[in-house]
Structure formats: structure tokens, C-alpha cells
């Protein structure tokens, strides 16, 4: 017998915890072929959704995924996110929550493995940090590091 993932239970728990504490639950999603979200709001293959009771209608969080209806630019749209695409859930106001590992389907993993190499992220961060340091006296602040952790 295979063990069920704890992810849907953790997503529901954090969502309920946010509601009990007057916080806004945000869902981080890695968009894939099964994800149904407004494409115009997707940035770099990711989207962050407000899943609070005041922002959604008919919110359902089950073992298969997260589904609800919400308004985007005044237009009501149905949103469906498979649990495999959920990258995290956190409280907007505090940032407390969970980050999850998002597994790719085999075809996407093969495409990613055979794609040209991406630029070195550490080098890009170092360059960005240098730019922030150089502009420090001009009112720009240093970027904050994420406090989310990956849960397997």
C-alpha cells in the first residue's frame, strides 16, 4: 500500500490557520499543462494566488488539487491547480508557511535536461547585490532573502 502525500493536508491546515488568525493565505503555483489559471498573470511559469474566503468562491482543497472561482480584472474565472503544481502556501502578512518540491512529469524533465544551460544564478545574485550596494545611498534597499523552506 502506498503512502499518501501530506501536501494537501498541510495546504488545508495553513489555509485554516490563516483564516483563524486574520491572515491572507497565498498559494504559490508552478504552472504546468494541467494548471488552469489566467495566463496573463503567469510570470516565469509561476503564479501566486490569494485563496482567502473573501477572494474566492467555492474554494475546494482536496487530495487532487485546489479549485475555486475568482475575479481577475473584473472577470470571473474558474481556477484549477493540481496538488502536484503547488509550490507553497504562506500567509501574505507574515510570510509563514510551507514550500514544497514540485516534481515535473517525465516529458518536461527531459525537455529541461536537454535545454541549453541557464545562466549561473549565484553569479546573477552577486551582480544584483553589487548593484544594490552601489545604489545604497540613492534610496534603494537591499533585497530580502526568502524564509520559506522546502518540505519533502
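Residue pairs whose Cβ atoms lie under 6 Å apart, sitting 6 or more positions apart in sequence or on different chains, and linking a residue in region 6-17 that is surrounded by 14 or more Cβ atoms within 10 Å (Cβ to Cβ) to a partner that is part of a loop (DSSP other than H, G, I, E, B), are 8/63.
Evaluate region 50-57: report whether one residue or more is more than 20 Å from residue 97 (Cα to Cα) and either in contact with a strand residue (DSSP E or B) (Cβ under 7 Å, 6 or more places away or on another chain) or in contact (Cβ under 8 Å) with a residue 24 or more places away in the chain (or both).
There is at least one residue in region 50-57 that is more than 20 Å from residue 97 (Cα to Cα) and either in contact with a strand residue (DSSP E or B) (Cβ under 7 Å, 6 or more places away or on another chain) or in contact (Cβ under 8 Å) with a residue 24 or more places away in the chain (or both).
Per the listing 29, 66, 42, 37, the residue uniquely touching a residue at least 24 places away in the same chain (Cβ under 8 Å) and over 14 Å from residue 83 (Cβ atoms) is 37. Restricting attention to region 7-31 and to residues that are in contact with a strand residue (DSSP E or B) (Cβ under 8 Å, 6 or more places away or on another chain) and part of a loop (DSSP other than H, G, I, E, B), the residue that is farthest from residue 101 (Cα to Cα) turns out to be 21. When each of 93, 34 is tested for being part of a loop (DSSP other than H, G, I, E, B), farther than 22 Å from residue 151 by Cα and within 16 Å of the chain's Cα centre (by Cα), the lone residue that passes is 34.
Within this structure, residue 102 fails the test of being modelled with pLDDT of 95 or more, surrounded by 15 or more Cβ atoms within 10 Å (Cβ to Cβ) and under 19 Å from residue 30 (Cα atoms). Scanning region 67-90 for residues that are touching a helix residue (DSSP H, G or I) at 6+ places or on another chain (Cβ under 7 Å) and part of a strand (DSSP E or B) turns up 72, 86, 89. Being surrounded by 11 or more Cβ atoms within 10 Å (Cβ to Cβ) and at pLDDT 95 or above: is that true of residue 49 here? Against the criterion (surrounded by 11 or more Cβ atoms within 10 Å (Cβ to Cβ) and at pLDDT 95 or above), residue 49 qualifies.
So is residue 73 modelled with pLDDT under 95 and farther than 23 Å from residue 9 by Cβ or not? Yes; evaluated as a whole, the condition is true for this residue.
The values are calculated or read from the model by the stated rules, or taken from the named source; none is laboratory data. Everything quoted here is computed from the prediction, not taken from an experiment. All Cβ positions, glycine included, derive from the backbone under ideal geometry; neighbour counts span all protein chains shown.
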